[in-house]
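Heads up, the thing below is written out as structure tokens.
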Amino acid sequence: MSKSFRSARSPDTYAGAFDSRPERRARRPVPNPDSERRELARRSSAGVDVTLYWHPTLDELIVCVWDERHGDYFEIRPQRYMALDVYHHPYAYADLADEYESEDPRAA
């Protein structure tokens, strides 16, 4: 017994990312450099969130740390060979960090 599956999409429906019609292209937002970041790993424990990102345009790795207990946020841009160690032990590398305001940067 064979089953056939049909797509919920009609044959003339376009995927927005591949739609080259001028009216569609005009509505695309201008890319934000931060939005190009791709999340590779994330962990959270005791009010501390640590995320490892890769930025494809800049080809760099970024470890972001948000400490909800103290309201601290910082980013570390480690060398490739150190990225996982920095991700697992960000406070050991905090002296390499770019520090930001004490408010949650994710709220923007």
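The values are calculated or read from the model by the stated rules, or taken from the named source; none is laboratory data. Note that the structure is a prediction, hence the values are computed from the model and not measured. Here the Cβ is made from the backbone with ideal geometry for all residues, glycine too, and neighbour counts use every protein chain on show. With ligands, DNA and RNA removed, areas are computed over all heavy atoms of the protein, side chains included. Shrake-Rupley method; radii C 1.70, N 1.55, O 1.52, S 1.80 Å.
Residue count for region 43-63 satisfying the condition of being in a strand (DSSP E or B), in contact with a helix residue (DSSP H, G or I) (Cβ under 6 Å, 6 or more places away or on another chain) and open to solvent by 20 Å² or more (accessible area, probe 1.4 Å): 1. Beta carbons closer than 6 Å, at least 6 apart along the sequence or on distinct chains, pair a first residue in region 42-53 that is without any contact (Cβ under 8 Å) to a residue 24 or more places away in the chain and among the aromatic types (Phe, Trp, Tyr) with a second that is open to solvent by less than 40 Å² (accessible area, probe 1.4 Å) and part of a strand (DSSP E or B) for TYR53/ILE62.
Output yes when any residue across region 23-34 is under 21 Å from LEU96 (Cβ atoms) and either surrounded by 15 or more Cβ atoms within 10 Å (Cβ to Cβ) or modelled with pLDDT of 50 or more (or both), and no when none is. Yes, there is a match, as at least one residue in region 23-34 is under 21 Å from LEU96 (Cβ atoms) and either surrounded by 15 or more Cβ atoms within 10 Å (Cβ to Cβ) or modelled with pLDDT of 50 or more (or both). When GLU75, GLU68 are checked against the criterion of being among the charged types (D, E, K, R) and within 14 Å of the chain's Cα centre (by Cα), GLU75 stands alone in meeting it.
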